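Okay, structure first, notes after.
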Amino acid sequence: MKKCVVYARQSVGNEDLSESVENQKEKCLKLAEKEGLEVVGIFEDLNTSGKTYPTGSEDIAVLDIAFQKWYKEQTTKKMYRDGFGKVIQSLMEVDYILCYDLTRLYRPVTGSFLESHINQLLVIHNVKVMTVNNGIMDMGNFNDSLIIALQNRINHEQIAIQRRKAKEAFKNLKNSGTMKVGLGRLHG
């Protein structure tokens, strides 16, 4: 029987409990059962960005100038993910990492080593990623690797565009003297 670990992550929220993480784990466990995989570990990171490194990769993170720059601009104090570090430690024992989607493992930081570092570890240990949303991804397969890199960049750009538009809309509302709040409108 092939072995797997389940990993779930949510970006912001409660430090103690996350319905999102519980939902991710539940769906991954159902997928493991459907695929006939033995789950040897379940790991999670709460209130943690996918742009942070797993514990155990501190030496690489320190050398990653793009990551260090990104981190300095954040309000978070979490630089590393303990749950994901445990996933990385288990790579020699498993065939798959199960997660809701690939964004739970990492999010791109332009110029960072993070994505390449994680993908390299997966290739070295011949571990595939199985997701609830996108099926099986093999980072050692050129096509999978290329498609995933492109999808990550597109998602990253879309999030940046949405963030810029939201900030601009908020700024326009503020500058117009009209700001919609829960109980109607305030006029400035």
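The values are calculated or read from the model by the stated rules, or taken from the named source; none is laboratory data. Since the model is a prediction, treat every value here as computed from it, not as a measurement. So basically every Cβ, Gly included, is an ideal-geometry build from the backbone, and we count neighbours across all protein chains shown. Ligands, DNA and RNA are stripped out before the accessible areas are found, and what is left, the full protein with its side chains, is counted by its heavy atoms. Shrake-Rupley method; radii C 1.70, N 1.55, O 1.52, S 1.80 Å.
Say we join alpha carbon atoms closer than 10 Å with springs in a Gaussian network model of the chain; which of Gln89, Gln151, Gln162 then has the biggest fluctuation?
In the Gaussian network model the winner is Gln162.
Region 1-83: which GluC sites (Glu not before Pro) are DSSP loop and have at most 11 other beta-carbon atoms within 10 angstrom? Write out the running numbers ahead of the final one.
Numbers: sites: Glu15, Glu19, Glu22, Glu26, Glu33, Glu35, Glu38, Glu44, Glu58, Glu73; in loops: Glu15, Glu73.
Listed in order of number, the matching sites are Glu15, Glu73.
In angstroms, what radius of gyration and Dmax does the chain have, counting Cα atoms only?
18.8, 66
In whole Hz, what ³J(HN,Hα) sequence does region 37-42 give by Karplus (6.51, -1.76, 1.60; θ = phi - 60°), x for Gly and Pro?
In residue order, the calculated couplings are 9, 8, 8, 9, x, 10 Hz.
Tally up the carbon and sulfur contribution to the accessible surface of the chain as a whole percent, 1.4 Å probe, everything protein left in place.
Details: 5980 of 11270 Å².
Reported share for carbon and sulfur atoms: 53 percent.
Using modelled amide H (1.01 Å from N, peptide plane; none on Pro or chain starts), what sits under 5 Å from the amide H of Arg81, excluding residues fewer than 5 places away?
Excluding prolines and chain starts, which carry no amide H, the hits are Tyr53, Thr55.
Residues with amide H under 5 Å of Ile42's amide H, sequence separation 5 or more or different chain, H placed in the peptide plane at 1.01 Å from N; which?
Amide H neighbours of Ile42: Val6.
Could you calculate the contour length gain from Arg164 to His125, that is, 0.36 nm times the residue separation minus the distance between their Cα atoms, to one decimal place in nm?
Working: separation 39, 0.36 × 39 = 14.04 nm, distance 3.91 nm.
Between Arg164 and His125, full extension yields 10.1 nm more.
Cut-off under 30 Å on the C-alpha distance; same-chain residues fewer than 8 positions from Lys2 excluded. Which lysines are left, in chain and number order?
Lys25, Lys27, Lys30, Lys34, Lys51, Lys86, Lys128
Before anything else, pin down the relative contact order of region 76-179: Cα pairs under 8 Å, at least 6 apart, normalised by residue count, whole percent.
Details: 73 pairs, mean separation 23.4, N = 104.
This gives 23 percent for region 76-179.
Rounding to the nearest 10 and keeping the result within 0 to 90°, find how far the Cα-based axis of helix 142-176 lies from the longest principal axis of the chain.
Long axis of 142-176 versus the principal axis of the chain: about 20 degrees.
HN-Hα J couplings of region 107-112 from phi, Karplus 6.51/-1.76/1.60, θ = phi - 60°, integer Hz, Gly and Pro as x?
With the stated coefficients, region 107-112 comes to 10, x, 10, 3, x, 7 Hz.
Give the calculated FRET efficiency between Asn134 and Lys3 to the nearest 0.05, with a Förster radius of 22 Å applied to their Cβ-Cβ distance.
On the way: r = 21 Å, r/R0 = 0.94.
Plugging the Cβ-Cβ distance into 1/(1 + (r/R0)^6) gives 0.60.
Of the chain, which part is the longest with no trypsin sites (Lys or Arg not before Pro) in a loop (DSSP not H, G, I, E, B) and with at most 13 other C-beta atoms within 10 angstrom? Intermediate values should be presented prior to the final figure.
Details: sites that count: Lys2, Lys77.
Maximal segment without exposed cleavage sites: 78-188.
For the chain, set up a GNM with springs between Cα atoms under 10 Å and report which of Gly41, Gly50, Gly111 has the largest fluctuation.
In the Gaussian network model the winner is Gly111.
Report the extension gain between Glu22 and Ser116 in nm, rounded to one decimal, defined as 0.36 nm multiplied by the number of residues separating them, less their alpha carbon distance.
Details: separation 94, 0.36 × 94 = 33.84 nm, distance 2.81 nm.
Answer, rounded to one decimal: 31.0 nm.
Take every DSSP beta bridge with both residues inside region 1-151 and express the antiparallel ones as a percent of the total, to the nearest 5.
Values: 3 of 19 bridges.
The antiparallel fraction comes to roughly 15 percent.
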